[in-house]
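Input: a single structure, listed below in structure tokens.
Read the figures in this text as sums done on the coordinates, not as results from a lab. As the structure is a computational prediction, the values presented were derived from the model and not from experiment. Note that we place each Cβ from the backbone using ideal geometry, even for glycine, and neighbour counts take in every protein chain shown.
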Amino acid sequence: MNVGDPVRVKPASKSDLFRKLPSVDELLRTPELALLLAQEGRSAVTDAVRSVLDRLRQEISSGRLSPPGVDAPLTGLGDAVEAELRRATAFSLRPVINATGVILHTNLGRAALAQNALDHVREIARGYSNLEFDLESGARGERDVHVDRLFRKLLQGTDDNRDNELSTIVVNNNAAAVWLALNTLAVGGEVIVSRGELVEIGGSFRIPDVMAQSNGILREVGTTNRTRIRDYEQAINAKTRLLLRVHRSNFQITGFTEQPPLEEMVALARARGIPLVEDLGSGALLDLPALGIKNEPGVTGSLRAGVDVVTYSGDKLLGGPQAGMLTGRADLIRRMRANSLFRALRVDKLTYAALEATLLAYLKGDHDAIPAVRMMRLSKEEIGKRADALAKGLASSAELEAAVIDGESVIGGGAAPSAVLPTRLLAIAGGNLSADQWLTRLRAAAPPVIARVEDGRVVLDLRTVFPEQDAAVMAAIRAIAGNLSQE
């Protein structure tokens with residue numbers, strides 16, 4: 001090499017880059033991780049260090065991290081470890097803002113709990129309680145009594161045509177309630193059900209499958225669209241243990257259809273001495289037609305008609321916690337409570353606390369205290385005023401287009417599939433973002449905002465947004481619009 005010739009530097013290989021990375025132990029001994037180790041413990045910090053170093057090795061291996069670019073991450077390893085530790089130890093279950101207009105959104109946790117329910121859950125959860133303890137006698141008690149007494153008061157007057165008083169037990173969801181009823185009352189025998197009621201709901205919950213697991217024998221009658229009372233009559237035999245009526249809660253059959261009135265099924269069941277069980281799926285304790293929701297049966301209507309046992313959910317139209325209720329003849333309910341598998345299906349003290357508080361709100365007539373009921377009762381005009389206020393507040397964002405349009409909200413949760421509630425929607429667009437990109441950025445907000453798309457536009461329905469969340473929705477949209485001007 002002659003003097004003055006350029007010096008040729010050999011390019012750094014991947015092996016050279018790997019050698020620049022510290023070992024796990026070396027990084028743990030650095031002063032910048034000393035505080036993290038003291039606060040979070042060696043095990044958690046070590047896992048975070050390994051994750052950060054593994055990520056850097058993957059980036060080097062894939063060629064995404066070049067020699068000049070490796071120094072920056074190395075100087076910020078302490079911050080990277082701290083960020084990884086926060087991510088790894090953060091809650092996975094997070095609150096979100098439901099701007100979809102679906103009141104009982106299954107993927108978003110269905111019914112939001114009333115404030116008095118939250119207060120009662122906290123009160124019961126923080127210490128001991130009389131869950132199964134009789135305070136008067138000092139003896140062991142039954143956990144059902146805490147809500148059974150309230151169901152009796154709410155449903156009084158529905159048992160005029162009964163020889164037995166009503167009773168209620170609670171299991172973890174309505175599917176469990178149906179299973180328990182079938183396994184207790186029909187094990188080894190036949191259960192007669194219309195072909196048009198062999199439904200499947202979310203999560204592949206199918207009536208025939210539940211029937212098989214309960215050891216009841218399915219006896220289908222009628223056709224998909226038409227079943228008459230004589231179809232049930234002709235199917236009854238010595239093996240018949242139960243008549244089952246299933247509410248088609250998540251779909252409708254229209255046109256050339258027929259279904260026997262509930263009163264006819266009650267009369268047949270009593271004449272033949274066979275229990276009639278009705279799976280309502282959702283089940284409500286309030287006057288749904290007054291809210292504009294038609295063709296959705298309520299618990300009181302079924303009991304008043306004389307159904308022996310009704311099964312229904314707690315976190316749907318009832319507006320309480322996830323639970324499955326069985327309400328009906330006390331003698332039949334006692335048999336279900338005595339089922340050895342009832343213990344595997346029962347609910348805990350937190351569910352009882354939330355359910356008790358929800359039922360007390362019904363007893364007091366304080367329906368607006370229950371979020372799901374309050375949302376159903378909101379008028380189009382009330383929602384429109386809030387949407388107009390948001391649109392006005394977003395008008396200053398040059399990159400954003402915001403308008404308020406007519407739309408419809410739905411009940412959701414497999415309840416009242418044909419019911420829609422008129423609403424006003426906030427429609428947004430802007431920049432070169434597609435509707436899906438808008439949805440992605442809204443979900444990345446803190447807290448995440450869940451919206452929907454209609455006619456290629458992102459729309460937000462404030463029916464399911466709590467008023468105190470309006471400011472967070474506006475902040476999320478403004479932040480996205482602000483970033484549009486920099487892209």
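Observations, loosely collected:
- Here the extension length gained between LYS239 and SER61 equals 57.2 nm, from 0.36 nm per residue of separation less the Cα-Cα distance.
- FRET efficiency, ALA479 to ALA344 (Cβ-Cβ, R0 56 Å, nearest 0.05): 0.75
- The stretch 16-89: equivalent-ellipsoid semi-axes (sqrt of 5 x gyration tensor eigenvalues, Cα, Å): 22, 12, 10
- Only lysines eight or more places from LYS316 in sequence, or on another chain, were considered; those with a Cα closer than 17 Å are LYS294.
- Of all DSSP beta bridges confined to the stretch 115-369, the antiparallel ones make up roughly 45%.
- Amide H to amide H, with H built 1.01 Å from N, ARG226 comes under 5 Å of GLU258, counting only residues 5 or more places away or on other chains.
- Put in order of Cβ neighbour count within 10 Å, fewest first, the listed residues GLU197, GLU468, GLU399 become GLU468, GLU399, GLU197.
- Helical content of the chain, expressed as a calculated mean residue ellipticity at 222 nm, amounts to -11500 deg cm²/dmol (DSSP H runs of 4 or more residues, -39,500 (n - 2.57) each, divided by residue number, nearest 500).
- Local electrostatic count, THR100, Cβ distance below 13 Å [Lys/Arg +1, Asp/Glu -1]: +1
- Sequence ranges 105-115, 78-88, ranked by mean other-Cβ count within 10 angstrom, highest first: 105-115, 78-88
- A straight chain from GLU142 to ARG42 at 0.36 nm per residue would run longer than the Cα-Cα distance by 31.4 nm.
- Taking TYR312, TYR352 and counting other C-beta atoms within 10 Å, the order from fewest to most: TYR352, TYR312
- Label of the coordinate-derived value, Rg/Rh (Cα atoms, Kirkwood Rh), listed as (1) 1.03; (2) 1.11; (3) 0.99: (2)
- Take every pair of alpha-carbon atoms less than 8 Å apart whose residues are at least six positions apart; their mean separation over the length of the stretch 115-369 yields a relative contact order of 27 percent.
- Charge dipole (Cα centre; +1 on Lys/Arg Cβ, -1 on Asp/Glu Cβ; no other charges) of the chain amounts to roughly 700 debye.
- Where both bridge residues fall in the chain, DSSP classifies roughly 65% of the beta bridges as antiparallel.
- Ordering 340-351, 355-366, 325-336 by mean Cβ neighbour count within 10 Å, with the highest value first, yields 325-336, 355-366, 340-351.
- All C-alpha to C-alpha distances of the stretch 410-487, sorted into 10 Å bins beginning at zero, yield P(r) values of 17, 48, 28, 7, 1 percent in whole numbers.
- For the chain: relative contact order, % (alpha-carbon pairs under 8 angstrom, 6 or more apart): 18
- Phi angles across the stretch 306-321 convert, under the Karplus curve 6.51 cos²θ - 1.76 cosθ + 1.60 with θ = phi - 60°, into 3J(HN,Hα) values of x, 4, 6, 9, 10, 10, 7, 9, x, 9, 10, 5, 5, x, x, x Hz, Gly and Pro given as x.
- Ignoring aspartates and glutamates fewer than eight residues from LYS153 along the same chain, the ones with Cα atoms less than 19 angstrom from its Cα are GLU142, ASP144, ASP163, GLU165, ASP287, ASP308, ASP331, GLU356, ASP366.
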